[in-house]
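Reviewing the structure listed below.
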Amino acid sequence: MEPDIYNVQNNENNLRLYVKQVTLAQEEERLRIARELHDSTVQSLIAILHQSENFMAKNQNLSTMPYTRFLLQLTEQLKSVIREVRHLSSNLRPSILDHLGLLPSLDYLAEELRKNYGIRTSLEIKGPLHRFQPEVEVSIFRIIQEALNNVARHSEASRVDISIEFGRDTARFMVRDNGIGISGFPEVKSILLSNRKLGLAGMFERAQLINAEIVLETAPGEGTVIYITVPIPGEPA
């Protein structure tokens with residue numbers, strides 16, 4: 001019996017539409033939580049911080065040094081929590097992704113890696129620029145974000161190079177680090193994927209949803225390179 005090609009294509013289209021809706025719903029929820037953290041939680045913490053600082057300013061002749069030290073430590077802890085919540089909010093959904101698009105967002109990720117972890121970064125772009133559908137740009141952003149998180153957490157790298165090369169039909173994104181690499185990666189790849197180690201499963205799943213391909217090359221002491229190849233739709237930007 002001949003396969004029903006129309007039904008197969010229709011099912012694939014329905015699956016892509018479903019994936020698009022799920023991806024957008026997830027990102028909208030991330031955006032909502034990020035805004036609540038910024039507009040509510042952070043503002044409440046700042047108000048408490050200001051109250052503590054005002055109290056200390058009006059009561060400079062506090063009776064005991066331990067009491068003064070406690071208030072100073074409290075204000076420093078509040079400042080630290082505010083920074084952490086802001087960082088969490090930004091990671092959930094950087095506003096730059098919505099306002100300026102994918103490439104400035106990748107530049108932002110590289111700068112955050114340098115600022116927070118002291119890892120030198122570079123970003124190189126080749127070829128005529130192209131834009132993707134919003135859900136595709138979000139998926140690319142999340143894949144590279146996870147790749148850079150892996151660099152920060154596991155690679156012991158001192159440098160990361162990010163490159164984007166736009167061709168006629170595809171865009172190739174590369175993340176290369178000079179870290180310790182992954183020992184025996186070809187043999188343990190399936191285990192890492194099944195156990196969602198290093199966030200690899202999520203990266204490969206997101207790539208599959210946008211018809212992209214991920215290739216990971218690594219060896220002990222030789223760092224890791226991740227290539228993400230994404231089909232280009234439409235005309236150059």
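Could you tell me whether the stretch 169-176 includes any residue that is in contact with a helix residue (DSSP H, G or I) (Cβ under 6 Å, 6 or more places away or on another chain) and at pLDDT 95 or above? Yes, because at least one residue in the stretch 169-176 is in contact with a helix residue (DSSP H, G or I) (Cβ under 6 Å, 6 or more places away or on another chain) and at pLDDT 95 or above.
No other residue among Leu71, Leu129, Leu78, Leu113 is among the aliphatic types (A, V, I, L, M), at pLDDT 85 or above and farther than 28 Å from Ser155 by Cβ apart from Leu129.
Quick check on this structure: which one of Ile140, Ile162 is assigned to a helix (DSSP H, G or I) and either buried (at least 19 other Cβ atoms within 10 Å of the Cβ) or modelled with pLDDT of 95 or more (or both)?
Details: Ile162 fails: assigned to a helix (DSSP H, G or I).
Among Ile140, Ile162, only Ile140 is assigned to a helix (DSSP H, G or I) and either buried (at least 19 other Cβ atoms within 10 Å of the Cβ) or modelled with pLDDT of 95 or more (or both).
Taken as a whole, the stretch 110-125 holds no residue that is closer than 30 Å to Gln21 by Cβ and open to solvent by less than 20 Å² (accessible area, probe 1.4 Å).
Can you name every residue in the stretch 152-164 that is in contact (Cβ under 8 Å) with a residue 60 or more places away in the chain and closer than 14 Å to Arg120 by Cα? Scanning the stretch 152-164 gives Ser155, Ala157.
Inspection of the stretch 41-55 identifies no residue that is modelled with pLDDT under 70, surrounded by 12 or more Cβ atoms within 10 Å (Cβ to Cβ) and of a type outside the set (A, V, I, L, M, F, W, C). Against the conditions (1) more than 12 Å from Ile228 (Cα to Cα); (2) open to solvent by 20 Å² or more (accessible area, probe 1.4 Å); (3) in contact with an Asp or Glu (Cβ under 9 Å, 6 or more places away or on another chain); (4) not polar (S, T, N, Q), Arg153 satisfies every one except (3). Applying a threshold of 7 Å to beta carbon distances and a minimum spacing of six or more residues, or different chains, the list of pairs starting in the stretch 111-133 at a residue that is without any contact (Cβ under 8 Å) to a residue 24 or more places away in the chain and ending at one that is open to solvent by 70 Å² or more (accessible area, probe 1.4 Å) and not in a helix (DSSP H, G or I) reads Arg114/Arg120.
The values are calculated or read from the model by the stated rules, or taken from the named source; none is laboratory data. A quick note: this is a predicted structure, and the numbers were derived from the prediction, not measured. For neighbour counting, all protein chains shown are included, and Cβ atoms are generated from backbone atoms with ideal geometry for every residue, glycine included. Heavy atoms of the whole protein, side chains included, go into the accessibility calculation; ligands, DNA and RNA do not. Shrake-Rupley method; radii C 1.70, N 1.55, O 1.52, S 1.80 Å.
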